[in-house]
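The values are calculated or read from the model by the stated rules, or taken from the named source; none is laboratory data. The model shown is predicted, which means the values in this text are computed figures rather than measured ones. No Cβ is skipped: glycine too gets one built from the backbone with ideal geometry, and neighbour counts run over all protein chains shown. Please note that ligands, DNA and RNA were not included when accessible areas were found on the heavy atoms of the full protein model with its side chains. Shrake-Rupley method; radii C 1.70, N 1.55, O 1.52, S 1.80 Å.
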Amino acid sequence: MSKSPYLDIKKDFPVLNREFDGKPLVYLDTAATSQKPTVVIDAMDHFYRESYGTVRRGVYRLSEKATQAYESTRHKVAKLINASSDREIIYTRGCTESLNLVAYSYGRSVLKSGDEIILSQIEHHANIVPWQIVREMTGAVIKIIPCNDRGELFLEEYRKLLSPRAKIVAVNHVSNALGTINPIKEIAKLAHEAGAVMVVDGAQSISHMTVDVQDLGADFYAFSSHKMFGPTGAGILYGRYDLLEKMPPFQGGGDMIRQVTFEKTTYQDPPHRFEAGTPSIVEVLGLGVAVDYLQSVGLDKIAGHEHALLEYGTKLLSGIPGVRLIGTAEHKGAILGFELDGVHPHDIGTLLDMDGIAIRAGHHCAQPTMQRFGVPATARASLGPYNTEADLDALAAGIQKIRGMFHH
Ligand SMILES: *Cc1c(COP(=O)(O)O)cnc(C)c1O
């Protein structure tokens, strides 16, 4: 008996059993946000009904219980990414906030005029714009690692960019527009040899493969709950403790202080130093349940499932005349960016939606990537562990239909 590489978990996600105009929803926009399994939805609902209270402040039992539940996510996340301590896990509102935290707190405090920040050509705006803002504040310089026509970074060019002036290298683990899986371990090793720290944008990797921050050599690793089957409004920044310890606060307010007088305020140790104000309590709890869910399905199984689907989808789409895949790296996550000759990506998206097929069309918050490939936008189908070959068959049929409307 041949072993199927596929999982069968669509049933865990209520919204995926919906229909639009009698057609089953085909959800192909997981790179923008993932759908939520029943266990996460129910846990949050239950928490609001039974256990909701503020955290880290209350002396009453409800708050103590809520605090325990809230803090337990820290441990789950630390285990998920093999951090060496729970204290290295900072709760944020999302990957964007995590990257801003590194830029403002770490970047602004270490960068001097003429120091260099190295980014790649295929970053999300969330890993570009905060560094540009910090560049304005510090006089630092941004250098870019270019990529080839498949969307793979030129490591030789990267080597040439590295010098003692390089202080920060910030690269995504997986590109959200192209799907390229970047060789972070190698990039980090070279960064460290030059004396720079490695910041990794893990938004597109965290729920698609096993991530081990220590093995990768990531000094910072950022991601969002909502792309890993958890709720919106929560995110994580992992940071090496010895770096976090030296970093100034990012935002000031309640919970991040030790003592406040009008003359002087002292701060908490990490991670609480970076967690000002009432946090996203229920969202953090939901994220913990999402981590449990991810691990019960198994990240290696998810990676196998998505890889099989990627190969299936790549074959289907490349067989359609007029389709050009954008992002054809050898090591690739389950993201299919494409153009269809003579049809604007937004029209593709709108027409597919009429068949209940949800894809993304646009620049994917990665305008420099679009510029590199000479297109204003692409259509993008991105996959999750709940997708099936039938979803891709529907996509291919939908594209064929659009071709028929535009070419005859
Ligand atoms: C989605 C995404 C982000 C930003 O995540 P938010 O959840 O919007 O904060 C950053 N980088 C990459 C690669 C992404 O895909």
Under 15 Å from a point placed 7 Å out from the Cα of E311 along the Cα-to-Cβ direction: which residues of the range 25-50 have their backbone N that close?
none
I'd like the antiparallel share, as a percent to the nearest 5, of DSSP beta bridges with both residues in the range 41-296.
45 percent
Could you pull out every residue, at least 5 positions away or on a different chain, whose amide H is within less than 5 Å of the one on I357? Hs are placed 1.01 Å off N in the peptide plane, and Pro or chain starts have none.
V26
Label zone at R57 (point 7 Å along Cα-to-Cβ), backbone N below 14 Å, the range 253-270:
253-257
Near the amide H of S205, under 5 Å away, which other amide H atoms are found, from residues 5 or more places off or on another chain, if H is placed in the peptide plane?
V174
Check cross-link reach from K143 to the aspartates and glutamates: straight Cα distance under 13 Å, and skip same-chain residues fewer than eight apart.
D115, E116, E123, E157
Write out the chymotrypsin sites (Phe, Trp or Tyr not before Pro) in the range 147-230 meeting two conditions: DSSP loop, and at most 16 other Cβ atoms within 10 Å of their Cβ.
F154
May I ask you to evaluate 6.51 cos²θ - 1.76 cosθ + 1.60, the Karplus curve with θ = phi - 60°, for each residue of the range 163-179 and list the ³J(HN,Hα) values in order in whole Hz, giving x for glycine and proline?
8, x, 6, 6, 10, 9, 10, 10, 9, 7, 6, 10, 6, 6, 8, 10, x
If you keep only loop residues by DSSP, which trypsin sites (Lys or Arg not before Pro) in the range 263-323 have at most 12 other Cβ atoms within 10 Å of their Cβ?
K264
Sticking with the crude label model, points 7 Å out along Cα→Cβ, report the distance from S296 to K11 in nm, one decimal please.
1.4 nm
Ranking D292, D149 from most to least accessible area with a 1.4 Å probe gives D149, D292
Of the chymotrypsin sites (Phe, Trp or Tyr not before Pro) in the range 246-354, which ones lie in a loop per DSSP and count no more than 14 other C-beta atoms within 10 Å?
F262
For the full complex of protein chains and a 1.4 angstrom probe, list H173, H346, H125 by accessible area with the highest value first.
H346, H125, H173
Computed [θ] at 222 nm, helices only, for the chain once each DSSP H run of length n ≥ 4 contributes -39500 (n - 2.57)
-11000 deg cm²/dmol
Going by the alpha-carbon gyration tensor, a ≥ b ≥ c the square roots of its eigenvalues, is the chain rounded (a/c under 1.5) or, if a/c is not under 1.5, prolate (a/b greater than b/c) versus oblate?
oblate
Greater than 29 Å apart at Cα, pairs in K11/K76; K3/K76; K79/K301; K36/K167; K112/K185
K3/K76; K36/K167
